[in-house]
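Only one structure is covered here, and it is reproduced in the block below.
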Amino acid sequence: MELGVVYIGDRSTGKTHLAMELANPNNEYVKVTSLDYENLKQQLYDHTTGEFRATGAEQATYDRYLDILVRLPTGNRQVIVDWIDTPGEVWRKTWQSDNPNEWNRLLDTVRQSEGILLIIPPHRGLNFKQGISLDQFMTQQQWCNRFDRWVDFFRQDCPKARHIVICLNKADLFCDLQQEAFQLAYKPNGSQLNWQQRHAYVLSRYFRPVQSQLKQINKSVSGLSVRCFITSIYNRSLLELPWIYLGSFLAK
């Protein structure tokens, strides 16, 4: 069975940059075999602005495939990721009513997927490092309201999902990456936290405002497990963790 992992998130959450960095040949346990890092960089990176091109809003999905190899103690596992790169606009109700065909096409894919990886941005309630402008981020209340809409989406539109992975991205802005990576790192042979313990650690530190919503998602779909992670393009261990998790449970 090939697994569809849907890779989604709002506008400007860093989805493209994360996927590109995952393809970096300097990897630890997760290797992207289907995309060439330099080639991808050329496609996605705009050298004149020094930023990643925003995904165009004309269509709901840009199908790219990530063929991922995860090295586990039991051997290599392959995860075929259906990277449905969506412009952030598609999650807006106005866009959905204006583009019903595109929206339904996206839903068809999501409804078949067992794994969903959602990238969400930081909010102002986090302990940001000095010198970072908070204006670019939602307030904690706005962030929680937005999260409620994701809860509805998971409950209504993701019937086959068995593993929902939620990544709070740009962790370099609000935590000590080295310290958290040391705490959470995947060490296949050493004594390390198991997935449940990692989730509990990240949940209590970074997802506290939405703990009750996370419980709701878990309750609404039988056999579903929701796991929370923090990610950053500046730390390979944290970047790979959600994929190692998916590889451990979903790969065939």
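The values are calculated or read from the model by the stated rules, or taken from the named source; none is laboratory data. Everything quoted here is computed from the prediction, not taken from an experiment. Don't worry about glycine lacking a Cβ; one is built from the backbone with ideal geometry, like all the others, and counts go over all protein chains shown. Areas reflect the complete protein model, heavy atoms only, side chains present, ligands, DNA and RNA absent. Shrake-Rupley method; radii C 1.70, N 1.55, O 1.52, S 1.80 Å.
When Lys and Arg each count +1 and Asp and Glu each count -1, what net charge do the other residues less than 13 Å away from L214, Cβ to Cβ, add up to? Net of charged neighbours comes to +4. Lysine pairs in the chain with Cα distance under 26 Å, only those 8 or more apart or on different chains: how many are there? Step by step, the pairs that qualify in the chain add up to 24.
Based on Cα contacts under 8 Å between residues 6+ apart, the chain shows a relative contact order of 25 percent. For region 81-189, the solvent-accessible area of protein heavy atoms averages 48 Å² per residue (probe radius 1.4 Å; ligands and nucleic acids excluded). With a cut-off of 12 Å on the backbone N, the residues of region 173-188 near the modelled label site 7 Å out from K129 along Cα-Cβ are 173-179.
Given Cβ point charges of +1 (Lys, Arg) and -1 (Asp, Glu) and nothing else, what value in debye, to the nearest 20, does the dipole of the chain about its Cα centre take? Kindly include the intermediate steps, with their values, before the conclusion.
Working: 29 positive and 26 negative charges, 202 e Å.
Computed charge dipole of the chain: roughly 980 debye.
Per residue of the chain, what 222 nm ellipticity follows from adding -39500 (n - 2.57) for every DSSP H run with n ≥ 4, rounded to the nearest 500?
Details: 9 runs with 97 residues, N = 252.
That comes out to -11500 deg cm²/dmol.
State, as an integer percentage, the relative contact order of region 180-252 based on alpha-carbon contacts under 8 Å between residues 6 or more apart.
Working: 39 pairs, mean separation 24.4, N = 73.
After rounding, I find 33 percent.
If I take every Cα pair under 8 Å that is 6 or more residues apart in region 100-205, average their sequence separation and divide by the length, what percent do I get for the relative contact order?
Details: 82 pairs, mean separation 38.6, N = 106.
Reported relative contact order: 36 percent.
Can you give the FRET efficiency for F182 and S97, using 1/(1 + (r/R0)^6), R0 = 45 Å, r = Cβ-Cβ distance, to the nearest 0.05? Here the calculated transfer efficiency is 0.45. The alpha-carbon atoms of the chain define a convex hull whose volume equals 133 cubic angstrom per residue. Spatially, region 71-126 and region 1-39 are offset by 13 Å when compared through their Cα centroids. Evaluated with a Cβ-only charge set (Lys, Arg +1; Asp, Glu -1), region 167-245 carries a dipole of roughly 280 debye about its Cα centre, given to the nearest 20. Ligands, DNA and RNA left out, the accessible area of the chain computed with a 1.4 Å probe is 45% carbon and sulfur.
Each of V70, S12, N24 was scored by the projection of its Cα onto the charge dipole of the chain, and the greatest displacement toward the positive side belongs to V70; charges sit on the C-beta of Lys, Arg, Asp and Glu. Using only Cα positions of region 124-196, each an equal point scatterer, no hydration layer, compute I(q)/I(0) via Debye at q = 0.14, 0.26 Å⁻¹ and quote the log10 values to two decimals. Log-scaled intensity ratios, in q order: -0.71, -1.16. Note on region 85-196: with charges restricted to the Cβ of Lys and Arg (+1) and Asp and Glu (-1), its dipole about the Cα centre is near 220 debye.
Between N39 and R11, the simple label model (points 7 Å from Cα in the Cβ direction) yields a spacing of 3.1 nm.
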